[in-house]
Structure formats: C-alpha cells, structure tokens
1. Would you mind stating whether Glu207 is part of a loop (DSSP other than H, G, I, E, B), modelled with pLDDT of 90 or more, under 30 Å from Leu85 (Cα atoms) and in the same structural domain as Val79 (by TED's automatic domain parsing)?
2. Taking segment 234-265, which residues are of a type in the set (D, E, K, R) and either surrounded by 11 or more Cβ atoms within 10 Å (Cβ to Cβ) or under 24 Å from Arg279 (Cα atoms) (or both)?
3. I need the full set of residues from segment 90-146 which are part of a helix (DSSP H, G or I) and among the polar types (S, T, N, Q), in order please.
4. May I ask you to say which residue of Tyr242, Tyr202 is over 30 Å from Ala71 (Cα atoms) and among the hydroxyl-bearing types (Ser, Thr, Tyr)?
5. Could you please let me know if Leu204 is more than 55 Å from the chain's Cα centre (by Cα) and either in contact (Cβ under 8 Å) with a residue 12 or more places away in the chain or surrounded by 14 or more Cβ atoms within 10 Å (Cβ to Cβ) (or both)?
6. Can you pull out the residues in segment 335-363 that are polar (S, T, N, Q), in contact (Cβ under 8 Å) with a residue 60 or more places away in the chain and within 28 Å of Ala39 (Cα to Cα)?
7. Under 6 Å between Cβ atoms, which residue pairs at least 6 apart in sequence (or on different chains) link something in segment 114-140 that is under 12 Å from Gln166 (Cα atoms) with a partner that is modelled with pLDDT of 90 or more and small (Gly, Ala, Ser)?
8. For segment 353-387, enumerate the residues that are surrounded by 14 or more Cβ atoms within 10 Å (Cβ to Cβ) and not aliphatic (A, V, I, L, M).
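The values are calculated or read from the model by the stated rules, or taken from the named source; none is laboratory data. All figures in this text were calculated on a predicted structure; none of them were measured in a lab. No Cβ is skipped: glycine too gets one built from the backbone with ideal geometry, and neighbour counts run over all protein chains shown.
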Amino acid sequence: MQQPRPRPWVPVGLALALALAACTEQEAARSGPATGTRAVPVEVGAIERGPLTYRRTVSGGLQAAAEFVVAPKAGGRIVRLDVELGEPVARGQVVALLDSDELQQAVQQAEADLAVAQASHAEAKSAYLLAQRALKRYERLQAEGVTSEAQLDAGRADEVASLAHQAVTEANIARAQAALQTARIRLGYAEVTADWSADDPYRLVGERFVDEGSNVAANAPLYSVVQLDPIKAVVFVGERDYRLLRVGQEAELTADAYPGRSFQGVVARIAPVFQRTTRQARVELELANPDGRLKPGMFVRATLELAHVDAATSVPADALVERDGTSGVLVLEPDGTHVRWQPVEFGLRDGDRVQVLGELAASQVVTLGQELCDDGAEVHVVTASPLRPRQ
C-alpha cells in the first residue's frame, strides 16, 4: 500500500506567496486599517468519516485464456485447409487434410503381412497335427516292438519342433496385427483435428502458418487456436502492493480501443516470484468476453481494490505536512480563527483523501497556508485562490 507523503515544512513558493498576499490585501481593504498581528489567510478542508478504499492502477496487456498450436502427427503434403483466420473451430473438428497415398499403401502392406502371417500359422498348425499323429503311430509301433527307439525319439522331436513353430507363427500374427493397427492410426493422422480438453465447444483461429500444397513435417505448426471467453489480462505489481493482493479481488479494466467503457474482472492467479529485472510480480486477471470485443495484445489499465475500511476518518491529501520529522495536520479550532498542530499517522489513500489513524477532535484541517502557521496561530479562512486551481 502506497503511503501518502506529507508536504515538507519549507518556505512557500512564489505562486502561493502571491495568492496569499492577494487574499490578505483584499481582506485588509475590506476591514480597514489593520491593528496588531494580521491573521494568516488559509484554505481549509473537511474531516470526513466514512468508507475508504485503496485502489491501485497498473497497466498491462490482454492474452488469450488458452492457446495451442494445431500440428499434424505425420508429415506430408497439405491437400486441403478447412478453416481460415478468425473462423470458429469446434472441438474435434477436422481442420486440414494431408496426402494419404503413402499412408494407405502402408496399410495395405500391413494387411498383406498379416495375411502371410496367418497363412504361415495355418501351415504350422497343420504340421503340428501331422507330427502328433506320427508320434502316436511311433508309440503304438514301439509297444508292438516294430519300430526302434531312435524313430520314436525322432517323432517326439518333430512334434516339439512343430509346436514351437506354431507358437512363432502366432507371435508373427500378433506383430502383423500391431503393425496394421499402427498403419491405420497413421492413416488417421492424414485428417488433422483441433482437440482440447476444456469444456468450451468452440474456439477461434488466431493464426495460420501454412498454405495448401505445402509439404510439412510431423509436428509442424498449421494453426494457432485461441480461447477468448473468458480472456486474460496480465499486469505487474510492485513489492509494496503485492502483500495486499488476494485471489478473487475485483478489478476494473479499461482499454484504449473502447474509450469511456470499463470491464469487470477478478484476480485469478498471482505469481509467487518477482522478476529480477523489474522487481515486479506477474498477476493474471480473468474477465468475461462474451461478445469477443477484447482481443489478445490490446493494452489495458486495471484498477485493483487492494484494501477497504468501512468507517475511516479521512482528510484531504493537501492537509498533510511534516515538521521536525513528524507527520501531522493543522486542525481548525472551534472558534474558526486559530489552528492547532496535531501529529497523526496515516493509512489508506483514496484519490485525494487520506485515512487518519485515530480521532481528530475537529471538523476541518488547513489545506493551504500551513507553511505560514505555527501551533496556535491566528488564521483567516479564505476561498481558493484563482492562481491555484483546485484539482
């Protein structure tokens, strides 16, 4: 929170001296010849009690709430582009088509390899059945004493080998099926889609990077797709105000593109670190943008409500002065002709009003002419000088 800076106790400037002199001469002319010490002409302001809000205005820029690049998962020649710059895109919509001849050929090759693997498996299965029959015959002949032990062992080896070959062909089928599935997936990559996980059904094409007929590699950017409702404003806040920030705080934003119009937003995210070069922290504000008026890249000013006091005692900022290193104000006594110096501590600042911590037993304070007044000085309250227009 930025603390108000009291005006130093220094001699009055030329413009102020002329104004005070003019007021004094006018009063002297009205009242006739002066006798004794002249009263110091001063201006006063009211001491008010009521709500006070500390606001801070910072500048920044708008960014899309979400942005991603649409890119193909496979390389190839672009046959067709289905959307243009600024057009809406539905979630899952096909936005581009690649030349798929080679990808279709790969699918056909994978289908042929699968057929070969299935035929080899059928052959291995038949061979295994024949080996089983031969082994049973050798075992029967061995029991009858017709065949030798060596022939029986050979039959057993043939059965084991045919069983192993059958297992190999089954694995080849699985591999061919996986290759076919991969080829079909890659064929699907010829249709480039815009997909995102958020709930919003539509987004906009923010930028197009290629033209039809271009040859692109896998993961080469084709489009930039952005979400503009809600939209995000990025501002930077210094260390003094950072401690007052809270997620959910309201903010009022204005844009040069729409003079006289304001937009309401809230603090959505606060960076936990400060930038080393600027000593400022990034703050992201979120605001509704249903009509799409606000665009990424626009310059904005955000007024943040950082603190609020429901019942505050406040004085005009011009009343603040400093004497001997102590801040305070000159209050107008009830008689309306004398002032009293009162040291005070200051709190929030809201425009030209500053919170005073503690009570002031008065209704008005001096806002102009403090430099000519001491504690208990006699004063004469005048209206604002034309040489010093009110802010």
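1. Values: part of a loop (DSSP other than H, G, I, E, B): no; modelled with pLDDT of 90 or more: yes; under 30 Å from Leu85 (Cα atoms): yes; in the same structural domain as Val79 (by TED's automatic domain parsing): yes.
No; evaluated as a whole, the condition is false for this residue.
2. Going residue by residue through segment 234-265, those that are of a type in the set (D, E, K, R) are 239-241, 243, 246, 250, 252, 256, 261.
Of everything in segment 234-265, those that are of a type in the set (D, E, K, R) and either surrounded by 11 or more Cβ atoms within 10 Å (Cβ to Cβ) or under 24 Å from Arg279 (Cα atoms) (or both) turn out to be Glu239, Arg240, Asp241, Arg243, Arg246, Glu250, Glu252.
3. Initial filter on segment 90-146 (part of a helix (DSSP H, G or I)): 101-144.
Of everything in segment 90-146, those that are part of a helix (DSSP H, G or I) and among the polar types (S, T, N, Q) turn out to be Gln104, Gln105, Gln108, Gln109, Gln118, Ser120, Ser126, Gln132, Gln142.
4. Details: Tyr202 fails: over 30 Å from Ala71 (Cα atoms).
Sole residue among the options that is over 30 Å from Ala71 (Cα atoms) and among the hydroxyl-bearing types (Ser, Thr, Tyr): Tyr242.
5. Details: more than 55 Å from the chain's Cα centre (by Cα): no; either in contact (Cβ under 8 Å) with a residue 12 or more places away in the chain or surrounded by 14 or more Cβ atoms within 10 Å (Cβ to Cβ) (or both): yes.
No.
6. Applying the first criterion (polar (S, T, N, Q)) to segment 335-363 yields 337, 342, 355, 363.
Still in the list and also in contact (Cβ under 8 Å) with a residue 60 or more places away in the chain: 337, 355, 363.
Residues satisfying the conditions are Thr337, Ser363.
7. Going by the 6 Å Cβ cut-off, the qualifying pairs are Ala117/Ala176.
8. Within segment 353-387, Arg353, Gln355, Gln364, Thr367, Gly369, Gln370, Glu371, Cys373, Glu378, His380, Ser385 qualify.
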